[in-house]
Amino acid sequence: CGLATNTWPQVKPINKPTSAVQSLLDAAAATNLTWKERLPKLVEALAESIRIKDRAGETQVLLLEGEGFDDAGEPQRAVQCYERALPIAREARDAVAEASLLFKIGSAYNDQNQPQRAFDYLELALPLQRQTGDRVGEADSLNGLGAVCILLGQPQRAMPYFEKALPIREAVGDRKDR
């Protein structure tokens, strides 16, 4: 995904799936599986989470499905998953999941060459990332906002975002940009 930094650890949602759904998620997360092999397991986990009314599990499965579609170069399908999960995360008051979903939607819109939509979602993610203490996510959103400003033809507007992101990246130990 264009704005995501896959080298940093993922922030996990506050609400956890039930053990039944988590077992299915663990099976889908096996590192030796391809996306085509992983998708049916995620579909099964989603069906189970809906069946047992595990809203946290449903959010987590949709998030993982979206990431898979995003990694497979299908940002439109990723957005569909993320947008389906967003109201569930909001209903559950899971600000961590909501911030992650907003960032991922913004990033996917950036991948679809829709910089204004990307900006709008990244801007929504930023205060939630700050509220939940997600410093990595905050730096990613700030960098994403700066990058999108450049795409929108507003480089002067981009610099403050990059300047705010740099000390956060340094504080969380990201030295790859040096």
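Kindly provide the set of residues from segment 112-138 that are out of contact with any Asp or Glu (no Cβ under 7 Å at 6 or more places or on another chain), among the hydrophobic types (A, V, I, L, M, F, W, C) and either open to solvent by less than 20 Å² (accessible area, probe 1.4 Å) or free of Cβ contacts under 8 Å to residues at least 40 places away in the same chain (or both), ordered by number.
Of the residues in segment 112-138, the ones out of contact with any Asp or Glu (no Cβ under 7 Å at 6 or more places or on another chain) are 112-125, 127, 131-138.
Among the residues that remain, those that are also among the hydrophobic types (A, V, I, L, M, F, W, C) are: 118-119, 122, 124-125, 136.
Result: 118, 119, 122, 124, 125.
Looking at 153, 146, can you tell me which residue is on the phi > 0 side of the Ramachandran plot and small (Gly, Ala, Ser)?
Numbers: 146 fails: on the phi > 0 side of the Ramachandran plot.
Selected residue: 153, the only one of 153, 146 that is on the phi > 0 side of the Ramachandran plot and small (Gly, Ala, Ser).
Name every residue in segment 83-111 that is among the charged types (D, E, K, R) and open to solvent by 20 Å² or more (accessible area, probe 1.4 Å), in order of residue number.
Filtering segment 83-111 down to residues among the charged types (D, E, K, R) leaves 83-84, 90-91, 93-94, 98, 104, 111.
Once the filter is applied, which keeps residues that are among the charged types (D, E, K, R) and open to solvent by 20 Å² or more (accessible area, probe 1.4 Å), segment 83-111 yields 83, 84, 90, 91, 93, 98, 104, 111.
Scanning segment 141-172 for residues that are in a helix (DSSP H, G or I) and touching a Phe, Trp or Tyr at 6+ places or on another chain (Cβ under 8 Å), which turns out most open to solvent (accessible area, probe 1.4 Å)?
Keep residues of segment 141-172 that are in a helix (DSSP H, G or I), which gives 141-151, 155-171.
Restricting the remaining residues to those that are touching a Phe, Trp or Tyr at 6+ places or on another chain (Cβ under 8 Å) gives 141-146, 148-149.
Working: 141: 0, 142: 2, 143: 33, 144: 2, 145: 2, 146: 0, 148: 0, 149: 0 Å².
For segment 141-172, the residue satisfying everything is 143.
Which condition number in (1) at pLDDT 80 or above; (2) open to solvent by less than 50 Å² (accessible area, probe 1.4 Å); (3) in contact with a helix residue (DSSP H, G or I) (Cβ under 7 Å, 6 or more places away or on another chain) is the one that residue 52 fails?
The one condition residue 52 does not meet is (2).
The values are calculated or read from the model by the stated rules, or taken from the named source; none is laboratory data. What you see is a predicted model, and the numbers here were worked out from it, not measured in a lab. All Cβ positions, glycine included, derive from the backbone under ideal geometry; neighbour counts span all protein chains shown. Calculation scope for accessible area: heavy atoms of the full protein, side chains included, ligands and nucleic acids excluded. Shrake-Rupley method; radii C 1.70, N 1.55, O 1.52, S 1.80 Å.
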